[in-house]
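These notes concern the structure reproduced below.
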Amino acid sequence: MKKLKWGLLVCSIFSMLSLMALGGEFSGKTFKAAGDVGEWPPYEFFIRKNSKKTDKISGFTYDLLKTIAKNENFTINVRLLPWKRSKKYVETGKYQVLMDASINEERKKIYYYSEPIYTINSYYFYNIKKFPNGLDIKNKSDLKKYKVGGLLGYNYKTYGFNNTEIDTGAKNYTQLVKKLKKNRFDIFLAEYEIMKGFEYVGQKYLDSDIKFVKIQDMAPRKFYFLFPKTDLGLNLRNIFNKNIKKLEKSGELQKMLDKYLK
């Protein structure tokens, strides 16, 4: 009996030390996270002062990153870069965290990914001056009846498109809206929460000329943190997941999100 108790004690101590080592592995270290310079409000965006963009970043995902870093006693520096460059930097390990990314089979081969951190809803947007009576779109397969626009470097497979089927010449949402109003394409695909979120940065894209309709047969899209497929990336993913689950269970994650969406 004593041997059994001793064995259990040793196992317990070993488990505690292992958890402490995992939690302390990143203590005092500095990591880099990359987002999209085109901004993704209300999740990541540059703060404006007197209507001018500053170099300071805000948003739900930024707050979540900083909360996890504080909980784990490490520092994380965030930069918003061209999206394709951000993806490549994380893929190669130059940066350790990619913010606000969707996931697909191709990306699963390249990155580790966290628990989902939020969901958003897919819409199509059109110019009412060109289509005053609306469009004949009942489900996502009907989107292929029209010429579609999107953003450079973004993933549209969930809409049923390869990127070669879409005009992805727009580098940001301002260019995307301008191209729609110039009738370069019939519709563009985006998430209502993001288009509405641009009001945080003084960009009111949803004016009287732009109408939007939810794509009924599309489930809400999940977004994640992505990490390089390295030992460090895997360990970071596990640390992030531990914190995300804890924040979700406590209700703090929803509170952080409500700060920007209500």
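Descriptive notes on the structure:
- Members of Lys138/Lys214; Lys130/Lys181; Lys70/Lys196; Lys88/Lys229 lying beyond 19 Å, as alpha-carbon distances in this model show: Lys70/Lys196
- Among beta bridges identified by DSSP and lying wholly in the chain, the antiparallel ones come to about 65 percent.
- Segment 131-262 shape via C-alpha gyration tensor axes, a/c threshold 1.5: prolate
- Close amide H pairs (under 5 Å, H built 1.01 Å from N) link Tyr95 with Val90, residues at least 5 positions away or on another chain.
- 222 nm mean residue ellipticity, helices alone, for the chain (DSSP H n ≥ 4; -39,500 (n - 2.57); rounded to 500): -11500 deg cm²/dmol
- Under a 5 Å amide H cut-off, with hydrogens placed 1.01 Å from N, Tyr43 pairs with Phe60 among residues at least 5 apart or on other chains.
- Highest average packing first - 221-228, 254-261, 81-88, Cβ atoms within 10 Å: 221-228, 81-88, 254-261
- For segment 172-183, Karplus couplings with θ = phi - 60° (6.51, -1.76, 1.60), whole Hz, Gly/Pro x: 7, 5, 4, 5, 4, 5, 4, 5, 5, 5, 8, 6
- Inter-centroid distance (Cα atoms) of segment 204-262 relative to segment 42-106, Å: 12
- Once C-alpha pairs closer than 8 Å and six or more residues apart are averaged by separation and normalised to the residue number of segment 86-192, the relative contact order reads 31 percent.
- Relative contact order of the chain, pairs being alpha-carbon contacts under 8 Å that are 6 or more residues apart, as %: 26
- Rounded to 5, the percent of DSSP beta bridges in segment 122-214 classed as antiparallel: 70
Read-outs throughout are calculated quantities, based only on the coordinates presented, and are distinct from any laboratory measurement. Keep in mind that this is a model prediction, so the values were computed, not measured. Here the Cβ is made from the backbone with ideal geometry for all residues, glycine too, and neighbour counts use every protein chain on show.
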